[in-house]
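This report concerns only the one structure given below.
Read the figures in this text as sums done on the coordinates, not as results from a lab. Just so it is clear, the structure is predicted and the values come from calculations on it, not from any experiment. When we count neighbours, we look across all protein chains shown, and the Cβ atoms used for this are built from the backbone with ideal geometry, even at glycine.
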Amino acid sequence: MLWIELIVLLACIVIGARLGGIALGTVAGIGLAVFVFVFALPPGGPPPGVLGMIIAVITALATMQAAGGLDYLISLAERIMRKRPQYITFIAPVVTYVLVFASGTTHVIYALLPVIAEVSRKGNVRPERPLSISVIAGFQGNIASPISAATVAMLGLFAAKGLSLPLLLAITIPSTFIAILIGAVSVAWRGKTLEDDAEYQQRLAKGVVIAAAAEPLKTMSMRNARGSMLLFLIGIVVVVLLGIFPGLRPVYESGSGGFVDTDQVSMGMAIMIVMIAVSGLTMLLFSASPEATLKGTIMRSGLTAIISILGVSWLGSSFFEGNRNYIVGEISGLVQLYPVAFAIGMFVLSTLLFSQAATVSLLMPVGLALGLPVHSLIGFYPASNGLFFLPTYGTVLAAVSFDQTGTTRIGKYLLNHSFMRPGLVTLISALVIALLLSNVMK
C-alpha cells in the first residue's frame, strides 16, 4: 500500500508542477482527499505558523510595490549596473542577490533581466554570462533573505530546536554570497565573444537585435516610492534585531481560572506583527492603494506560493504520518550512514516543486523525524535550490527571452542549457560552505 500511496504523492507533485501556478497546491488537494477518504491515512496538517508569516511578509512587500517602492529599488539596481558595463558578469549577480535578499522574492528580477542583457551587449560582453549567473544569484538570495518564504519556513520548523534568525543568517548569507562569486567565475569567460558568435552576427545582420528603451520610473510620487522602500527596509532591520536580541520581544501574562502564566512573543509572531504593521503604515503614510496591493504581481505570486505550500505540505504531512514507522525505520539507516542522501532528496524535490519553501516544508520535518542533527539539516538548506535544473522556471525562461543575441539558450537535449553550469557550481559551493559553517556554529 505504501508504494501506491507514494505513486499518488509523486503523481500529484509532477502533474501540479507541470500545470504550474496554484495547481501545485490544488492537485495536491486531490491526493490529500485520496489519502484521507480512500486510504484512511491521518489527515496531518499544514504549517499554520509558516503560512501566517508568509502572508504577512507578502502583504508588506505588495504594499511597497503599490506605493512605487519596488520600482524605485529596481531603478537603483539598474543605475549601479550601468556604471561599469565591462564588469557586468560580476556586478549583475551581486546586484540581483542584494535585491532579492532585501525583497524576499525572486520575482523582482524580471525588471532587471532586460537591463542586464542590454548593458552586457553594449559593453561587448556575452549576455549569457551575466544573465545565467544572475538568475542563479536570485535563487541563492532568496534562501538567504530573512523574510523569504523559505527562510520563514525554516524558522517556523526549527524554532523549537533552538534555531534563531541570526544563526540561520550567519550560515546562509556567507555561504550563498561566496557561492555566487564562485559561480560568476565559472561563467566569466564562457562561450565565444559576440564578434565571433555566428548566431549573434546573423541576428544583427537581420536587424533582430533592437536596443531596449529606458522606461521611466512608474511611481505615484518619488516621496511615496522612497518612503515605502525605506519603511520596508526598516521593517527588515527590526525583524533581524528581534532575532538577534530576544529580550526585545515582549513578555506577557496569560491565564484563566486564577492561574497566571508568563510567555514571550515568539519570533514567528513578531515577524507577522512587524510586517502587517509595515503594510498598514505604508498605506497610511505613502498612499499605497489597497486595490493596487491586491492586484500587483507580488501579491499574485505570493498567493501562488501560499496555496502551493498549503497543498503540498499538507499532502506530505498526511503521507508521512500514515507511514511514519516504516519511513523512519527503513530510511533512517541510509540517511544516518550517508547524510548527503537527504541533500540529494531536497535537490530532486525542489526541481519538481519549483519552490524552496515548499521543499523545506515537506522534507525538513522528515529529516527531524529521522533524527538528523539540526546543524546538518541547516547546512543542507541550500540544497533546496534546484529550481534551475529543469529550464522551465519563470526567471530562467525570462532570461532566455530577454537575450536578443541568442547566447542564452535552452539546449537541444533540454538539460544542456545556459544555467546548468553556474547553477551546479553555485549550489555545490553553497552547500559545502553551509555545512562547514553549520558544523562550526553547532
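Brief remarks on what is shown
- Residues whose placed amide H lies under 5 Å from that of A288, excluding near-sequence neighbours: M283
- Global geometry of segment 264-317, whether rounded, prolate or oblate, following the gyration tensor of its Cα atoms and the 1.5 cut on a/c: oblate
- Under a model in which nothing but the beta-carbon of Lys, Arg (+1) and Asp, Glu (-1) is charged, segment 45-441 shows a dipole of about 1060 debye around its Cα centre.
- Fewest-first ordering of S228, S350 by other beta carbons within 10 Å of each residue's beta carbon gives S350, S228.
- Relative contact order, percent, segment 45-441 [alpha-carbon distance under 8 Å, six or more residues apart]: 28 percent
- Rg to Rh quotient for segment 265-392, alpha carbon positions, Kirkwood Rh: 1.08
- Positive-pole candidate from L387, S164, A28, dipole of the chain, charges at beta carbon: L387
- Debye intensity ratio I(q)/I(0), log10, segment 87-165, q values 0.19 Å⁻¹ (C-alpha model): -0.72
- Where trypsin sites (Lys or Arg not before Pro) fall in DSSP loop in segment 322-414, at most 12 other Cβ within 10 Å: K412
- Per the Debye calculation on the chain with a single equal scatterer at every Cα and no solvent contribution, log₁₀ I(q)/I(0) for q = 0.10, 0.11, 0.14 Å⁻¹ amounts to -0.73, -0.88, -1.35.
- 5 angstrom amide H check on H417, placed H, neighbours 5+ away: G411
- Taking 13 Å as the cut-off, the amide N atoms of segment 230-255 that come nearer than this to a point 7 Å along the Cα-to-beta-carbon line of Q264 belong to 242-252.
- Ordering F37, L61, S120 by the projection of their Cα atoms onto the charge dipole of segment 1-141, which places +1 on the Cβ of Lys and Arg and -1 on the Cβ of Asp and Glu, puts S120 at the extreme positive end.
- Taking the C-alpha atoms only, the angle from helix 297-322 to the longest principal axis of the chain is near 40 degrees.
- DSSP-loop chymotrypsin sites (Phe, Trp or Tyr not before Pro) across segment 101-191, with at most 12 other Cβ within 10 angstrom: W189
- Counting neighbouring beta carbons within 10 Å and listing from fewest to most, the residues M267, M64 come out as M267, M64.
- Prolate/oblate/rounded call for segment 9-113, Cα gyration tensor, a/c under 1.5 rounded: prolate
- Cα lying deepest toward the dipole's positive end in the chain, options V400, I273, T359, charges on Cβ: V400
- Kirkwood hydrodynamic radius of segment 335-417, from the reciprocal of the average inverse Cα-Cα distance over all distinct pairs: 14.1 Å.
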